[in-house]
Amino acid sequence: MSSRRPGKSVSRIKTGSFERRLSLTKAGLFAGTRMASHMATNWFSNKDTREQRHRAMLSSQARFLVDELGRLKGSVVKIGQVMALYGEHFLPEEVTEALHTLEDQTTSLEWPAIERVLKAEIGAEKLAELEVDPEPIGAASLGQVHRAARRSDGLELVLKVQYPGVADAVDSDLNAVAQLLKVARLVSFGPEFNDWLEEVRQMMHREVDYRLEARTTEKFRNMLGSDPRFVVPRVLQEYSTDHIIASTYEHGHSVGSPAVRDLPLERRSALGEAALELFFRELFDWGEIQTDPNFGNYRIRIAGEEGGDEDYDRIVLLDFGAVQSYSPAFLDPVIQMIRASYEQDLDQVIEGGVTLRFMSRDWPEEVLEKFGSVCMSVLEPLARDRSQWPDYAVNASGQYRWKQSDLPSRVAKHAARSAISRYFRVPPKEFVFLNRKLIGVYTFIAVMHAEFNGEDLLRKYLYGDGADEANPVASSTTQITKA
């Protein structure tokens with residue numbers, strides 16, 4: 001759960017399918033009437049005026065519908081947030097921009113309602129073992145998080161509490177939102193949109209499956225148990241249920257906090273390398289990737305703080321509700337493209353893109369080459385050939401400056417200049433999630449203002465160069481010691 005500090009609170013969330021469908025149906029009919037009226041009055045305008053008015057109407061429609069989604073809370077809001085993140089290939093830009101505003105909604109459920117959920121889920125006797133802070137430390141669309149302490153031994157823990165009824169409302173809410181978009185004439189239904197909608201449905205069901213998230217958390221905790229750079233909370237099964245995840249409270253600073261920003265460059269760079277290597281382990285070794293890189297899912301534990309004797313700055317990983325499993329059929333061509341990009345083999349980059357079905361051999365050769373070139377440029381910080389690095393992206397020691405490189409902006413401009421958008425196909429849904437993760441990792445490293453070259457780390461996973469499973473830090477990262 002990518003949660004935020006809660007703002008206002010409510011006493012209940014509408015979860016009855018009838019009242020939610022009724023609200024959305026009313027909104028859809030109203031929006032559809034508005035759009036029909038607009039199209040009728042706009043018919044006699046000239047082309048430029050029609051386009052301008054149409055985009056303005058789309059923005060107005062989108063804002064109206066987002067306001068309606070926001071009033072209903074619960075899974076409807078989460079559905080809107082997911083559509084904002086992954087709907088760029090299916091929804092008008094005006095709609096995704098409006099949907100992004102749902103990310104700022106931080107309404108929490110008042111304590112009496114949460115207390116009733118806790119008593120119903122774990123029982124009054126178990127709940128009495130805990131002293132729960134009635135003020136949530138984070139709230140999101142599907143639930144909220146409360147700190148607690150066990151009275152018997154003082155163990156600090158957090159309780160992630162799912163809002164009542166949201167799990168049962170996922171299917172009806174998603175169907176209603178999709179119908180709302182259709183009635184409001186904001187989207188055209190078709191096979192690709194329907195496939196994407198089904199993926200959103202599956203994602204939503206994973207998000208509300210707290211048993212699955214608890215198992216996944218423990219799995220990642222075991223896989224990372226020997227790596228001192230990471231902390232994964234321990235799930236406390238005795239307080240966990242279908243709708244509650246209880247885990248140890250893990251202290252740390254927010255990623256963008258002054259305490260992290262003021263760390264020496266060497267330590268910030270090591271944290272950046274750790275994040276990159278975690279992504280490589282997910283991609284190359286496990287085939288399981290946490291696809292929500294929201295900074296709310298991470299904390300930074302600074303060495304020596306809070307009375308600890310740790311020798312490392314550590315990344316605390318907090319949320320495993322958006323972990324995706326990938327098959328070799330998908331990962332093999334992805335890794336082929338990465339290897340080919342590193343080896344500057346344009347033909348193999350293109351071959352991987354064709355296999356993944358977002359390039360086609362029917363495209364003009366020039367377009368294929370430009371598309372492949374854009375893909376290769378994404379791996380700039382990991383490149384063997386550094387002759388193309390901009391001067392401002394390299395420090396005096398020859399290390400890559402992730403923040404100053406402005407790589408995402410340059411890649412976007414490269415793609416825009418190449419005019420490949422006219423040929424670009426909707427990528428496989430797996431690639432959309434993977435791309436979001438990669439952007440998130442790069443952004444994390446940039447926020448760290450890290451400076452390092454990723455080539456050695458990439459070679460370790462492409463070819464096994466210098467791999468040392470017993471000491472995952474030795475081959476590619478600098479030990480992060482106390483200042």
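The table that follows gives values for the structure above.
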| item | result |
| --- | --- |
| Exposure proxy order (Cβ contacts within 10 Å, fewest to most) of Thr216, Thr96 | Thr96, Thr216 |
| Fewest-first ranking of Ser152, Ser226, Ser59, using other Cβ atoms within 10 Å as the exposure measure | Ser152, Ser226, Ser59 |
| Ranked list, fewest to most other Cβ atoms within 10 Å of each Cβ, for Leu462, Leu186 | Leu462, Leu186 |
| Built amide H within the under 5 Å cut-off of Glu451, gap 5+ | Ser269 |
| Length gained when the stretch Arg384-Thr355 is fully extended (0.36 nm per residue, less Cα-Cα span) | 7.9 nm |
| Förster-model FRET efficiency, 56 Å R0, Glu343 and Asp311, C-beta, rounded to 0.05 | 0.90 |
| Descending semi-axes in whole angstrom, ellipsoid equivalent of region 251-483, from the Cα gyration tensor | 32, 19, 17 |
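Only the coordinates and a few stated rules stand behind these numbers; no lab work does. Worth saying up front: this structure is predicted, and the values here are computed from it rather than measured. Note: ideal-geometry Cβ built from the backbone for every residue, glycine included; neighbour counts use all protein chains shown.
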